[in-house]
Amino acid sequence: MSYQVNVPARAGSISSGSSISDEEEDDRLSDWASSLGEARQTKSLFDETILPTPEAALQHDQNIWDFNLHETCEKLSLDMFGRIRLINLIRNAGLTKDQIDALSPTDPLFKDDNLLKPVIPDDPLLQYDPDDSWSDDDEIPQPVRQVTAGPSHPQAQAPSTQSTSTNEEKSKIAQLQAELEQARKDLTSMRLLVSNTIGAEDDDEPKAESSSHSEVTGKGKGKAVERDDDTHYFHSYEENDIHEIMLKDTVRTVSYARFLLSNPQIFKDAVVMDVGCGTGILSMLAAKAGAKHVYAIEASGLAVKARENIRKNGFEDVITVIQGKVEDITLPVKEVDVIVSEWMGYMLLYESMLDSVLVARDRFLVKGGLMAPSQTRLVLSAITGKRIWKERISFWPSVYGFDLSEMQGPAFEEGLTEIVDKEEVVTTEAIVRDINSHTATIKSLDFHSSFTLKPTFTSSDNEVEIKAFLTHFDTFFSPDSTTHISPEEEVSILQFNDNEYESPVKPLSGQGNQISFTTGPKGKYTHWKQVAFLLKNPISLKSNQQIKGKFFCKKSETNSRELDVEIHYRITSTEDQSEGEGSYSVQCYKVR
């Protein structure tokens, strides 16, 4: 790959109307040279050393790590794109020289277009071409003049010399033409790659949005591009704030740590995959638990920080961070023994990360391998909802003397993320979805389920007004992949201190330790909170009545990371045993 740099002219070439002095021009040139120098600074392929140029970085890797990139590319018969894939593979997966030497020219990695995306933005090593023969000192071949022999043209008397010079020039011209043709081919390939990677753009008119999950249709030229539900999602996990919140959620993090550290019979010498590794915390816990190797998969740019966290804690030889979506990546191994992931979102299924975990299971988990967590339950109950109603509904009709009740609408149309006191729950709980991580399918995550909620208040209370339904989820970690916890078995309600992150988590004693936690009102609050669904028409429930209904949940047609929820419900006598008969009230919501 060749490029040119245009050097600014010296002061003498500036027009007479210019007021720039020689000294100012020297400063400009100095700034330009400094910027160019910074742009060429290159990180080693194998360590954290930053070298001033790509050439220096390659020499460093040869001196320190005995690795010659040019020779390796020749050995593997790599073209320009193969070379780019190799560089990004080394940076992304942290390959050692021995692992690189084990690669073959037919390895499918060298056809993986995901490896054309730079791991380091503007990586100078991706632009450097060791075979580039262009130079500012190359002479442009001059046309050969035909002359008539005579005394004034002595060169005409040396035909052999002239012939040799002409042949050399023709040879050089042919070489230049061949290089130009190759450059044209490379440019064409690059244009095709860009087109395939980011989609065809309509230069004339903006594109129309579509509800289709797979594509939108543009106007004008009629081109179609794939809808992107992922970019914003992954970018949101590049910020520190969300990871600080999750790590300080001691219910979440301590539960994972206890399972990983308290079951050495599972993790000792196991190959583990961590889907959505984030900061790398679960990967490091798995390594600490004795894993032979951990593949930490992270699609967002946080993979760079995860790799540094792992190195600083001394696990770089055990944990390999791979930046990419689990649907697209390739592992150096065929199978893994355990898949661990913290995939749960609000109302369990928001963000649809479980889809990716199930893909990882089907692609990489060995037969009989373990998923952690192994089981989750989505749970529904009914609450008085007095506080939420006061804050979200009663607030609007009188605001500084004005009626703003038109603003109440969204509170009845969206799932509201709240922390609810356990005293507000006035019915039994109903499991509306029980997900076994070992057997669930992506299709099964769109569902509907019948429910019955019985009052938990006494007859002396006579009647309670219910203003909302409430969802939370329970999570189970089983050391046995064949175990499915029955609905009758309750989740553990344990004590967790807010400051438990200040010291290492201690493993539990014994073997085969099962761990569980709840995000419901009975347990300590978590960052997931609960999701409430306000009722436009509150329910008056008597102690001899119950709520029967159906709960519908599916991915949104406009954004697969969001959820559409419908709740169908009616009030019946506690003696009513009928299934599905009668008139139902229906309310629809978005979880986003």
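For region 498-517, state whether one or more residues are under 16 Å from residue 417 (Cα atoms) and open to solvent by 80 Å² or more (accessible area, probe 1.4 Å).
Taking region 498-517 and keeping what is under 16 Å from residue 417 (Cα atoms), we get none.
Checked against the condition, which is being under 16 Å from residue 417 (Cα atoms) and open to solvent by 80 Å² or more (accessible area, probe 1.4 Å), region 498-517 yields no hits at all.
Within region 82-98, can you find the residues that are touching a residue at least 24 places away in the same chain (Cβ under 8 Å), in a helix (DSSP H, G or I) and open to solvent by 30 Å² or more (accessible area, probe 1.4 Å)?
The one that is touching a residue at least 24 places away in the same chain (Cβ under 8 Å), in a helix (DSSP H, G or I) and open to solvent by 30 Å² or more (accessible area, probe 1.4 Å): 97.
If I go through region 57-76 residue by residue, how many of them are farther than 11 Å from residue 101 by Cβ and crowded, with 17+ Cβ neighbours inside 10 Å?
6
Quickly run through region 104-122 and pick out the residues that are surrounded by fewer than 18 Cβ atoms within 10 Å (Cβ to Cβ) and part of a loop (DSSP other than H, G, I, E, B).
Passing the criteria: 104, 105, 106, 107, 112, 117, 118, 120, 121, 122.
Identify, please: which residue in region 371-385 is farther than 23 Å from residue 481 by Cα and not in a strand (DSSP E or B) and is, among those, nearest to the chain's Cα centre (by Cα)?
Checked region 371-385; the qualifying residue nearest to the chain's Cα centre (by Cα) is 385.
What pairs come up if the first residue lies in region 395-416 and is surrounded by 15 or more Cβ atoms within 10 Å (Cβ to Cβ) and modelled with pLDDT of 95 or more, the second is of a type in the set (Asp, Glu) and in a loop (DSSP other than H, G, I, E, B), and their beta carbons are under 9 Å apart, counting only those six or more places apart or on different chains?
That search, which allows pairs on different chains as well, returns 396/403.
Taking the options 209, 238, name whichever one is at pLDDT 85 or above and either touching a strand residue (DSSP E or B) at 6+ places or on another chain (Cβ under 8 Å) or not in a helix (DSSP H, G or I) (or both). Break it down stepwise before answering.
Numbers: 209 fails: at pLDDT 85 or above.
Result: 238 is the single residue among 209, 238 that is at pLDDT 85 or above and either touching a strand residue (DSSP E or B) at 6+ places or on another chain (Cβ under 8 Å) or not in a helix (DSSP H, G or I) (or both).
Checking residue 330 against (1) farther than 16 Å from residue 504 by Cβ; (2) among the β-branched types (Val, Ile, Thr); (3) in contact with an Asp or Glu (Cβ under 7 Å, 6 or more places away or on another chain); (4) in a helix (DSSP H, G or I), only one condition comes out false. Which one?
Among (1) farther than 16 Å from residue 504 by Cβ; (2) among the β-branched types (Val, Ile, Thr); (3) in contact with an Asp or Glu (Cβ under 7 Å, 6 or more places away or on another chain); (4) in a helix (DSSP H, G or I), the lone unmet condition for residue 330 is (4).
Scanning region 241-297 for residues that are farther than 13 Å from residue 505 by Cα and among the hydroxyl-bearing types (Ser, Thr, Tyr), which turns out least open to solvent (accessible area, probe 1.4 Å)?
283
Using beta carbons and a limit of 7 Å, which pairs, at least six apart or on different chains, have the first residue in region 338-356 and at positive phi and the second one open to solvent by 20 Å² or more (accessible area, probe 1.4 Å) and part of a helix (DSSP H, G or I)?
351/233
Looking only at region 40-55, count how many residues are part of a helix (DSSP H, G or I) and open to solvent by less than 30 Å² (accessible area, probe 1.4 Å). Working first, answer last.
Taking region 40-55 and keeping what is part of a helix (DSSP H, G or I), we get 54-55.
Those left that are additionally open to solvent by less than 30 Å² (accessible area, probe 1.4 Å): 54.
Total meeting the criteria: 1.
List the residue pairs whose Cβ atoms are under 7 Å apart, where the first residue sits in region 99-126 and is under 26 Å from residue 41 (Cα atoms), the second is assigned to a loop (DSSP other than H, G, I, E, B) and open to solvent by less than 30 Å² (accessible area, probe 1.4 Å), and the two are 6 or more positions apart or on different chains.
114/324
Here are the criteria: (1) modelled with pLDDT under 90; (2) open to solvent by less than 30 Å² (accessible area, probe 1.4 Å); (3) over 29 Å from the mean Cα position of the chain (by Cα); (4) charged (D, E, K, R). Tell me which single one residue 101 does not satisfy.
(2)
Exactly one condition in (1) surrounded by fewer than 24 Cβ atoms within 10 Å (Cβ to Cβ); (2) within 18 Å of the chain's Cα centre (by Cα) is false for residue 314; which is it?
Unmet for residue 314, out of (1) surrounded by fewer than 24 Cβ atoms within 10 Å (Cβ to Cβ); (2) within 18 Å of the chain's Cα centre (by Cα): (2).
Are any residues in region 330-350 buried (at least 21 other Cβ atoms within 10 Å of the Cβ), among the hydrophobic types (A, V, I, L, M, F, W, C) and under 27 Å from residue 108 (Cα atoms), and if so, which ones?
Passing the criteria: 336, 338, 339, 340.
Residue by residue through region 464-479, note down the ones that are among the small types (Gly, Ala, Ser) and closer than 22 Å to residue 346 by Cα. Can you show your working first?
Taking region 464-479 first, the residues among the small types (Gly, Ala, Ser) are 468, 478.
The answer is 468, and nothing else.
With (1) surrounded by fewer than 18 Cβ atoms within 10 Å (Cβ to Cβ); (2) at pLDDT 95 or above as the list, and residue 461 as the residue in question, which single condition is left unmet?
Only one criterion in (1) surrounded by fewer than 18 Cβ atoms within 10 Å (Cβ to Cβ); (2) at pLDDT 95 or above is unmet by residue 461, namely (2).
Within region 257-291, track down each residue that is on the phi > 0 side of the Ramachandran plot and of a type in the set (Ser, Thr, Tyr).
Let us first name the residues in region 257-291 that are on the phi > 0 side of the Ramachandran plot, namely 269, 276, 278, 280, 290.
The answer is none; no residue qualifies.
If you take the residues of region 518-566 that are within 26 Å of residue 242 (Cβ to Cβ) and aliphatic (A, V, I, L, M), which of them is surrounded by the fewest Cβ atoms within 10 Å (Cβ to Cβ)? Outline the logic, then answer.
Applying the first criterion (within 26 Å of residue 242 (Cβ to Cβ)) to region 518-566 yields 518-533, 553-556, 558-565.
Filter once more, so that each one left must be aliphatic (A, V, I, L, M): 531-532, 563, 565.
On the way: 531: 27, 532: 26, 563: 26, 565: 21.
My answer is 565.
The values are calculated or read from the model by the stated rules, or taken from the named source; none is laboratory data. Everything numeric here is computed off the predicted structure, so don't read it as measured data. A quick note on method: Cβ atoms are made from the backbone with ideal geometry, for glycine too, and the neighbour counts reach across all protein chains shown. Calculation scope for accessible area: heavy atoms of the full protein, side chains included, ligands and nucleic acids excluded. Shrake-Rupley method; radii C 1.70, N 1.55, O 1.52, S 1.80 Å.
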